[in-house]
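> Take this structure, written in structure tokens, and hold onto it; I'll ask about it next.
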Amino acid sequence: MKRIGIIGVGIMGSDHARLLTEAVSGAVVGGVFDLDPARATTVAAASRGARVFTDPHTLIADDDIDAVLIASSDATHEEYVLACIAAGKPVLCEKPLSPTVEGCTRIVEAEHRHGTRLVTVGFMRRFDPAYLDLKRMLTAGTIGVPLLLHHVHRNPAAVPGLPNSALITNSAVHELDITRWLLDDEIVEVTVHTPRPSKQASGTRDPQMLMLRTASGALADVEIFVNARYGYEVRCELVGESGTVTMDAPTPTMLRHAGLGSREFAADWRPRFAEAYRRELQDWVDGSGGGATAWDGFVATFVALSCVAALESGGRLPIHLPEPPQVESQRVVRDSSW
Ligand code: ISE
């Protein structure tokens, strides 16, 4: 049994603790740290008596903790991921790997120096059955060469005063990652357009339209709208030379009533991606290495911040990624090293 230490048990961390306890095999929650000790105690108790730590670095260093899951605030990710690499422990870090390109670079370099892969970034959509289906159809050649990818990503409501950049760095960053993963291609140019803002957005430029061009010549557009009001929805359509494939609201339940058929929308992303989160954790615990790497985390932040710059300038921005490290850090951490 692998003992996982969790740093940060707010919305995501407590959900991960629940999944590790109830739905993932081969692991238990061994320890919990949170800035709010009462919250840490509650989650630890619900995780079959995991230990409560009062310091995150003590948790990382503890001999009874085999691997670490980081779900604390974004700005703390780099410090804890670097500490895990220094301790030689596998770490699953919620996105973003770091909110800055410099922070991501330090992590990629530290893992490179360590020599084997330790870092996984929580881009859970890579494990979503619907996205996997899309990738399978594309890879099988069913729709031919991909030309266009249309993404829609809507949240019901955002906090008032949300910075314009947060729509990209917090939400659309998932589409930036899944576009690279789905098309197996790099984003080389970005533009961001905004219509008149929704009155519901209290001053934030919401919605936004991102236009992404890939190295092989495909175009992807992303509608990100965080005050869409009606519910949480993520869908996309991939257009190829000989067909298209659509990922529509994959809710199995349909209500037929009073002359209408209707499907319920989730209030946020957790029900929509519940299976993706479970599979992501199982893959990580199994050491299968299917999750996003530190390099993927670097690219996501790099492209997201380029989109923010494009939003601010209103212009088209080329993306020049540095060379990815050609190192053993791409090797998967297998069971033996846990
Ligand atoms: C949230 O932070 C997430 O990561 C969700 O996956 C995303 O869909 C949502 O828009 C974000 O706010």
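The values are calculated or read from the model by the stated rules, or taken from the named source; none is laboratory data. Since the structure is predicted, the reported quantities are computational estimates derived from the model, not experimental observations. Methodologically, a virtual Cβ is constructed for each residue, glycine included, from the backbone with ideal geometry; neighbour enumeration extends over all protein chains shown. Accessible surface areas use protein heavy atoms only, side chains included; no ligands, DNA or RNA. Shrake-Rupley method; radii C 1.70, N 1.55, O 1.52, S 1.80 Å.
> Percent antiparallel among DSSP beta bridges with both residues in the stretch 2-123, to the nearest 5?
0
> Here's another thing I want to ask about it. Among DSSP bridges having both ends in the stretch 129-272, what percentage is antiparallel? Round to the nearest 5.
Antiparallel bridges: around 80 percent, rounded to the nearest 5.
> Across the stretch 129-272, what fraction of all alpha-carbon pairs, as a whole percent, falls in each successive 10 Å bin from zero upward?
Result, from short to long distances: 11, 38, 33, 17, 2 percent.
> Oh, and also: What's the Cα-based Rg to Rh of the chain, Rh via Kirkwood?
0.97
> Determine the distance separating the Cα centre of the stretch 109-167 from the Cα centre of the stretch 1-58; give it in Å without decimals.
So the two Cα centres are separated by 26 Å.
> Pairing the Cα long axis of helix 294-313 with the longest principal axis of the chain, what angle in degrees results, from 0 to 90 and rounded to the nearest 10?
40
> Right, next: Per residue of the chain, what 222 nm ellipticity follows from adding -39500 (n - 2.57) for every DSSP H run with n ≥ 4, rounded to the nearest 500?
-10000 deg cm²/dmol
> Where Rh is the Kirkwood radius over the Cα pairs of the stretch 2-123, the temperature 37 °C and the viscosity 0.692 mPa s, what D in µm²/s does Stokes-Einstein return?
For the chosen part, D equals 233 µm²/s.
> Using only Cα atoms and rounding to the nearest 10 degrees, what angle (0 to 90) does helix 101-114 make with the longest principal axis of the chain?
50
> Here's another thing I want to ask about it. Where only protein heavy atoms count, and the probe is 1.4 Å, what is the accessible area per residue for the chain in Å²?
Spelled out: the 1.4 Å probe surface of the chain, per residue, equals 44 Å².
> Determine the shape class of the stretch 161-231: with a ≥ b ≥ c the square roots of the Cα gyration tensor eigenvalues, call it rounded for a/c under 1.5, and otherwise prolate if a/b is greater than b/c, oblate otherwise.
prolate
> Computing the accessible area with a 1.4 Å probe over protein heavy atoms, can you report the carbon and sulfur percentage for the stretch 129-272?
Within the stretch 129-272, the accessible surface is 56 percent carbon and sulfur.
> Pull up the DSSP beta bridges for the chain and report the antiparallel fraction as a percent, rounded to 5.
Numbers: 33 of 59 bridges.
For the chain, the DSSP antiparallel bridge percentage is about 55.
> Another question, then. In the chain, once you exclude exposed GluC sites (Glu not before Pro) (DSSP loop, at most 12 other Cβ within 10 angstrom), what's the longest stretch remaining?
1-240
> With a 1.4 Å probe and every protein chain kept in, tell me what percent of the accessible surface of the stretch 2-123 is carbon plus sulfur.
Carbon and sulfur together cover 55 percent of it.
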